[in-house]
Amino acid sequence: MTPTRTIQAFIDAKKENQTPSEEVWNALKGYRHWNEPDLIGLRNVSGYYPDIFFEPGMDETISKLLAKFTEKVVPHKF
């Protein structure tokens, strides 16, 4: 399950007042390997559904992962 689909499935389940499936929770557990846009999306969703953060300190972990992306400097040739 892709990160985008995982987040969308979580939102859909919450809108229908259902518990997200085990597949969704298992896919969320791999968030440390997601790309920058997916992590930003995960953080944005937490504003509406704070229970998407299933680990203590998950927001801080996401902040550290996002900081690693911003540290990457790509040299430009003009």
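No lab work stands behind these numbers, since they all come straight from the coordinates. None of the values given here were measured: they were computed from a predicted structure. When we count neighbours, we look across all protein chains shown, and the Cβ atoms used for this are built from the backbone with ideal geometry, even at glycine.
Quick notes
- Across the chain, the mean sequence separation of Cα contacts (distance under 8 Å, 6 or more residues apart), normalised by length, yields a relative contact order of 28 percent.
- Basic side chains Lys and Arg get +1 at the Cβ, acidic Asp and Glu get -1 at the Cβ, and with that the dipole of the chain about its Cα centre reaches some 380 debye.
- Over the C-alpha trace of the range 1-46, radius of gyration and Dmax come out as 10.0, 29 angstrom.
- Listed residue (Phe10, Ser46, Thr70) projecting farthest to the positive dipole end of the chain, Cβ model: Thr70
- Translational diffusion coefficient (Stokes-Einstein; Kirkwood radius from C-alpha pairs) of the range 25-78 at 4 °C, 1.567 mPa s, in µm²/s: 106 µm²/s
- Couplings 3J(HN,Hα) of the range 55-60, computed from phi: 10, x, x, 5, 5, 5 Hz, in residue order, whole Hz [Karplus 6.51 cos²θ - 1.76 cosθ + 1.60, θ = phi - 60°; x for Gly and Pro].
- For the chain, the 222 nm mean residue ellipticity estimated from helices alone, with every DSSP H stretch of n ≥ 4 adding -39500 (n - 2.57) and the total spread over all residues, rounds to -17500 deg cm²/dmol.
- Restricting the chain to GluC sites (Glu not before Pro) in coil, as DSSP defines it, with at most 10 other Cβ within 10 Å: Glu16
- Candidate lysines - alpha carbon under 30 Å from Lys14, same-chain residues fewer than 8 apart omitted: Lys29, Lys64
- Cβ-based net charge around Arg32, under 12 Å, with every Lys or Arg adding one and every Asp or Glu removing one: +1
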